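Chemist: Before I ask anything, let me first share the structure, which is written out below as C-alpha cells.
Every number here is computed from the coordinates shown, using simple stated rules; none is lab data. Because the structure is a prediction, the values reported are computed rather than measured. In this analysis, Cβ positions are derived from the backbone assuming ideal geometry, glycine residues included, and neighbour counts consider all displayed protein chains.
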Amino acid sequence: MAPENVIIIGSACAGLTAAIYTARANLNPLVIEGYQAGGQLMLTTDVENYPGFPDGILGPDLISLFRKQAARFGTRFLTEDVTRVNFSKHPFLVQVQEKEFKAHAIIISTGASANLLGLKNEKRLMGKGVSTCATCDGAFFKNVPVAVSGGGDSAAEEALFLTKFASEVMLIHRRDKLRASKIMQDRLFKNPKIKIIWDTVVEDVLGKEAMTGLKIKNVKTQKTSEISCEGFFVAIGHTPNSHLFAPYLKLRENKYIETAPNSTKTSIDGVFACGDVQDFVFRQAITAAGSGCMAAMECEKYLEKIHQ
Ligand code: NAP
C-alpha cells in the first residue's frame, strides 16, 4: 500500500485543526483519533473563552464541530489507539494493533493529561465541581468557596486566578512548604481570599449530583474532617502523552516533545508536534488549535520539498 501523505495522531483542538488545514490542502490526512478522542475538552462543560462563541459552547460540542469541519474536507478517521511507531526509517511506520501504516509525514497531537489524585469520587464529579483547569471553569464559581490541591506554580496560579470569582480559596497542600516559586508564594500569602491548609491531603470529593465538599486528612495529626466547597481544582501537574515517541524524538526534561522555536518541527525531519504534548506554558484550546495550523502548514511545505 502506498504511504499516506500525513498521519495525524490525536484528535483534539490541535490534531483536528491540523486535519482541517491538511485536508483543505488536498493532502488527504488520516487521523488516528484514539479511543479517548477529543482530549481534555471532553472533560469540561462550558467553554467561554473560545473566540467565535459569544454565548459559550460545551467542550464536547466544540470538538464535534471541529471534527465535522475536518470531515467536510475529506479527513479520514480511525478510532483506535496507536500502539507503536517507528520513526527510524522513512516513510515512517505507525502501528495500530496488528495493522501497520506508512506515512511521509507525521503530526503528533496526543495532548497531555492532568494528573488526578485517584480519589473514589473524583472522576464521577469531574465537570460537576471537580476541574483541572481554573482558566476554563473558574468563572462558574462566583461568590462560593472553592479548594485547590497542590503546592507548585500551577496550584498557586490557579488559586490566585480563582480569587477573582470565589468567596474563599482554600489551597490544600500535603506538606508544610510550597514548591511554587518565591514570587508566587508571596502573592498567595498576601491575598486575603486565600487560606492555605498545610500538611493535608484530600481523601475524597463529597456530593451526589454536584460536589458539596471535601473529606480531608491532616497527615501530622491523622485527624480527618470535612470542608464545604462547590469547586475543587486539582493542580498537581500534567503528564504529556509523549511516551510512545520517546525512543525517537528529543523530549524536554519534563517529558514534553521538544519543538524548534516558533515552529512545530521536532528533532526528526517530517515529524511535527502541536498542542499540549509540546506546550507546557499556555495549554489553551485556542493555542492548541493555532499550533495545529502551524503543524499543517509546516507539514505541507515539508511534503512539497520531499516530492520535488
Ligand atoms: P509541580 O511543580 O510538579 O508541582 C506539583 C505539586 O503538586 C507539588 O506541590 C506536589 O507536592 C503536588 N502533588 C503532586 N502529586 C500529588 C499528590 N498525589 N497529592 C497531593 N499533592 C501532589 O507541577 P506544576 O505546579 O504543574 O508545575 C510544573 C512546571 O511548570 C513547574 O516547572 C512550574 O514552575 C511551571 N509552571 C510555571 C508557572 C508560572 O511560572 N507562572 C505556572 C505553572 C507552571 P510536593 O510539593 O509535596 O511534591
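Chemist: More than 28 Å apart: what percent of Cα pairs in the chain qualify?
Modeler: Beyond 28 Å sits 43 percent of the P(r) for the chain.
Chemist: For K190 and S225 in one chain, what is 0.36 nm times their gap in residues minus the Cα-Cα distance, to one decimal in nm?
Modeler: So the extension gain works out to 10.0 nm.
Chemist: Now a separate question. So in the chain, which Cys have no other cysteine's beta-carbon sitting under 4.7 angstrom from theirs?
Modeler: Isolated Cys, the chain: C13, C229, C274, C293, C299.
Chemist: How large is the Kirkwood hydrodynamic radius of segment 49-105, in angstrom, based on all distinct alpha carbon pairs?
Modeler: Kirkwood radius, segment 49-105: 14.1 Å.
Chemist: In Å and on Cα atoms, what radius of gyration and Dmax does segment 116-234 show?
Modeler: Considering segment 116-234 through its Cα atoms, Rg and Dmax are 13.0, 39 Å.
Chemist: What is the angle, in °, between the Cα long axis of helix 13-24 and the longest principal axis of the Cα atoms in the chain? Nearest 10 is fine, range 0 to 90.
Modeler: That works out to roughly 20 degrees.
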